[in-house]
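Take a look at the structure set out below.
The values are calculated or read from the model by the stated rules, or taken from the named source; none is laboratory data. Please read these numbers as outputs of a predicted model, since none were measured by experiment. Here the Cβ positions follow ideal geometry from the backbone for every residue, glycine too, while neighbour counts run over all protein chains shown. Side chains included, ligands, DNA and RNA excluded: accessible areas come from the protein's heavy atoms. Shrake-Rupley method; radii C 1.70, N 1.55, O 1.52, S 1.80 Å.
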Amino acid sequence: MQLKSILNRVQKFRSFVYDKVSWVGDDQAPELEVEVVERANGRPICSGCGQVRPGYDRLARRHFEFVPLWAIKVFLVYALRRVTCSACGVRVEALPWAVGKHRLTQAYAWFLARWARRLSWKEVASVFHSSWDSVFRLVEMAVAWGRAHQDLGCIRAIGIDEIAWKKDHKHLTLVYQIDSGCKRLLWIGANRKIKTLLGFFRWLGPERSQALAFICSDMWRPYLKVIAKKAGQALHVLDRFHIMTYLSKAIDVLRAGEARALKAKGYEPVLTRTRWLLLKRPEHLTDKQAPKLADLLKYNLRTVRAYLLKEEFQAFWTYVSPYWPGCFLDQWCTRAMRSKLEPMKQVANIRRRHRSLLLNGFRAKGQFSSGVVEDFNTKAKPTSRKSFGFRTYHGAEIALYHALGTLLEPESTHRFC
Ligand SMILES: [Zn+2]
């Protein structure tokens, strides 16, 4: 079988054919050149307007890099025609395998963009003998195409989250679609202010904002305000992930303070290296951690009392109807208020203030995937490492959309990877 047969199988053109195939390059870096010619009756198409136009002249041959075969670089070689177009003037013809002045074929560009979702951009650049900048531009192209072709109908549930960005406590606001049939990153905004979230609703448009039925978010005040104003009809749910984060933070504060106090008084340092024991769910502890925690719980410490209150609260999530968790919540808050643990009292206060929002979760049960915001949060963080540590906002945006946007790709006869 010839290489031409393979090429015709994976990428066949209507008005062009593959011609001579030849070896170029040397033994160290062998390359294949595949000449492409137009069919006898194939008339050029204007790249400006997409209409068939009379030919004008022919340019020098150009190389377009194709998907490599057995680690051998493959180039399509073609001398482009120019057309005289009544609408656009003298223009270069449109090609089915490449756009604009791109050196890469579309097939190869999408091949690399797809690899950049699995490997770091640096790794892709090194494996395919490209540069980091070229990989970034390809991912940018894939994201632009995918975002331009995404369907924004039928968004009923969204989740709003933020991730820390850069060391100096900057944040990105991320909005996800969390419908059970469709989960994806919809929108990213720099910062987490009122203006940021207003930017999202402007992007979504009033009609789609009015169609939202569920919004899942943190208790962050700017969010609460904007949601009430822009999508007041939607049931606003505080999600479990954020609610439990408040408790973890309270325990962190207590633990750090108490560890310092124990040290100052010259007691045994029982709280050192216990942070993860106290923050993890007991069922997720390793075989080594579990006995360590059991040991720690024997001490009459403020941190231990706070930990027990946190674990007690887990029962809240096991209720089904909205009535009983309400009673549970009130009792838990009373106990937390009597605990004499200041950070826990603060959590109880926040919960009392947002009681109805907390209970909304039970009203909406099963109507969207509630754990999904946390899943996305966990995935968004390593994305920063995979790309380049989010040095620029634009870079962060592109990396996140590429990884979490579930973006479409153009249809093709063959998937190269
Ligand atoms: Zn034209």
Prolate/oblate/rounded call for region 338-417, Cα gyration tensor, a/c under 1.5 rounded: oblate
For region 279-377: relative contact order, % (alpha-carbon pairs under 8 angstrom, 6 or more apart): 22 percent
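Rounded to the nearest 0.05, what FRET efficiency do residue 210 and residue 381 have when you use their Cβ-Cβ distance and R0 = 25 Å? Could the numbers behind the result be given before it?
Details: r = 33 Å, r/R0 = 1.31.
Approximately 0.15, to the nearest 0.05.
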Assigned charges on the beta-carbon of Lys, Arg, Asp, Glu; the chain dipole about Cα centre (debye): 1460 debye
Fraction in percent of alpha-carbon pairs per bin - 20 Å, the chain: 21, 40, 26, 12, 1
Using a Förster distance of 22 Å, the FRET efficiency for residue 288-residue 245 (Cβ separation, nearest 0.05): 0.30
All lysines inside 19 Å of residue 12 as judged from Cα atoms, apart from same-chain residues fewer than 8 positions distant: 4, 20
Surface share of carbon and sulfur [accessible, 1.4 angstrom probe, percent] for region 321-417: 52 percent
Amide proton proximity set for residue 79, modelled H, under 5 Å, gap of 5+: 62
Potential lengthening between residue 23 and residue 180 on full extension [0.36 nm per residue; Cα-Cα distance subtracted]: 51.3 nm
DSSP beta bridge pairing in the chain, given as percent antiparallel to the nearest 5: 75 percent
For the chain, accessible area per residue (1.4 Å probe, heavy atoms of protein chains only), Å²: 55 Å²
Per-residue HN-Hα couplings for region 237-246 [Karplus 6.51, -1.76, 1.60; θ = phi - 60°; Hz; x = Gly/Pro]: 10, 8, 8, 4, 4, 6, 4, 6, 4, 4
Accessible area (Å², 1.4 Å probe, nearest 10) - residue 24: 40 Å²
Anchor residue 379: aspartates and glutamates whose Cα lies under 13 Å away (excluding residues fewer than 8 positions away in-chain): 161, 162
Partners for residue 73 among aspartates and glutamates (Cα-Cα distance below 20 Å; same-chain residues under 8 apart left out): 19, 26, 27, 31, 33, 35, 65, 123, 133
Pairs of Lys in region 183-335 closer than 14 Å at Cα, counting only those 8 or more apart or on different chains: 9
Under Karplus coefficients 6.51, -1.76 and 1.60, residue-wise ³J(HN,Hα) of region 302-314 in Hz, glycine/proline x: 5, 4, 5, 5, 5, 4, 5, 5, 5, 5, 4, 5, 4
C-alpha long axis of helix 342-353 to longest principal axis of the chain, angle in °: 70 degrees
Percent accessible area from carbon and sulfur atoms, region 156-298, protein chains only, probe 1.4 Å: 56 percent
Estimated FRET transfer efficiency when R0 is 22 angstrom, pair residue 40-residue 63 (beta carbons, to 0.05): 0.35
